1. List the relative contact order of region 78-123 as a percent without decimals, with contacts defined as Cα pairs under 8 Å and 6+ residues apart.
2. Taking every pair of Cα atoms in region 153-258, average 1/r, invert it to obtain the Kirkwood radius, and report Rg/Rh to two decimals.
3. Please report the antiparallel percentage of the DSSP beta bridges confined to region 87-237, to the nearest 5.
4. For region 32-116, what is one quarter of the convex hull surface built on the Cα atoms, given in nm²?
5. Let me spell out the model: positive unit charges on the Cβ of Lys and Arg, negative unit charges on the Cβ of Asp and Glu, origin at the Cα centre of the chain. What dipole size does that give, in debye rounded to 20?
6. Sort SER163, SER64, SER365 so the one with the fewest other Cβ atoms within 10 Å of its own Cβ comes first.
7. Can you tell me the relative contact order of region 277-374? Whole percent, Cα pairs under 8 Å, sequence separation 6 or more.
8. How big is the gap, in Å, between the Cα center of region 242-313 and the Cα center of region 172-211?
Amino acid sequence: MRLISLILCLAASAFAGELRGVWVARDSLTTPEALKQTIERLAEANFNAVFVNVWSRGYPLWPSKVFERETGLTIDPEFRGRDVMAECLEYATPLGLACIPWVEYGFVAGYSGYYPGESRKGPIFDRHPEWLAKTKAGVDAFPVSGTRENFYWLAHANPEAQSWLIDLMVELATNYKIDSIEFDRARYPQLDCGYDDVTRAIYARENDGKEPPSNVEDRQWKLWRARKLSDFVKTLSQHVKAVDWRITLTNAPITYPYGLETFAQDYPAWLKENAVDFISPQIYRADLATYIRELDNNIRFLTDTSRLVPGIDITNSKSPEVLIQMIEATRARKLPGVVIWYYSGLVSTGALEKLKETIFAEKASLPWRSSQLQ
């Protein structure tokens, strides 16, 4: 069957098709009851998509045979006996919400501050230390901002590491009836990264035997790494859609071009090559003017904005009124919706109630759902 874009079929009215998404983090997943209450409150406020965290701190939050194959473990130790993905679907589906697995950690597969295994780098690296991403000095620990802890990343161009991540995503697509997968952190932690032995060998093979440049800012080296990430995203999409062509793939990238220049992440290329179905760049700004300026700057780099669903941060502005203005500015640009960071911020600021009282007073269908997809 010929693959068609699932996002382009937007009706004229904003309420006929508008993605109203929200990221649901670990603090709302402490018990099945907490997750159920979260979903019920979002449904009451006329949201229609729940992006629920299912890949966090180096562990899946669903029982995973793919994870067990390499680690001997099936799930995050604090979620034993549960299946967050199944719980979300059970609670969200009857209420008309799409439950979207949010693969928050992406290429991050270990966190020193959370059950880091024998290696102290994450359970997958107990078995596969050769999969670790490294700086040019050979360091594999990447500091977590504001803490004394470190993240440990899978080497982005390592074919075995990529294949394992893809297998995890295919498992989600196979075992759960989902609309979409959001695979995040498809970026480098910094430009001083990509110097592991496997990536060095691949680079040399493709560049007449040359070593990767020692200058981490080297343009060709930066673009080579960005190309490898783009190829991965495209391959991931192909594998997921081989399970079910209707499953959309999305990501919440860093804004462009900052994301390319700082993290070798080229999300406009993903859209151009149909590697993702829609994209939610993190336009996390505290005031309306700055939000509009950054949104318009990102629009400038896109030939098609029908798949641009901006990410907005309520915890940044802390103002329901400003959030509403940002959503209105997004609608004025005829974009297909927004995704808000994050549920707890909506609650603590009172924005959940304000949205229901104002611009989310009516329900809206998801842009990618239509009669032929039911």
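1. After rounding, I find 20 percent.
2. Numbers: Rg = 15.2 Å, Rh = 15.0 Å.
Dividing the radius of gyration by the Kirkwood radius yields 1.01.
3. On the way: 6 of 8 bridges.
In region 87-237, approximately 75 percent of DSSP beta bridges are antiparallel ones.
4. If I average the Cα hull's projected area over directions, I get 5.8 nm².
5. 580
6. Going from sparsest to densest Cβ surroundings: SER163, SER365, SER64.
7. RCO, region 277-374: 27 percent.
8. Rounded to whole Å, the Cα centres lie 19 Å apart.
All of the numbers you see were taken from the coordinates with simple rules; none came from a lab. Note that this is a predicted model, so its numbers are computed, not measured. Backbone-built Cβ (ideal geometry, glycine too); neighbour counts: all protein chains shown.
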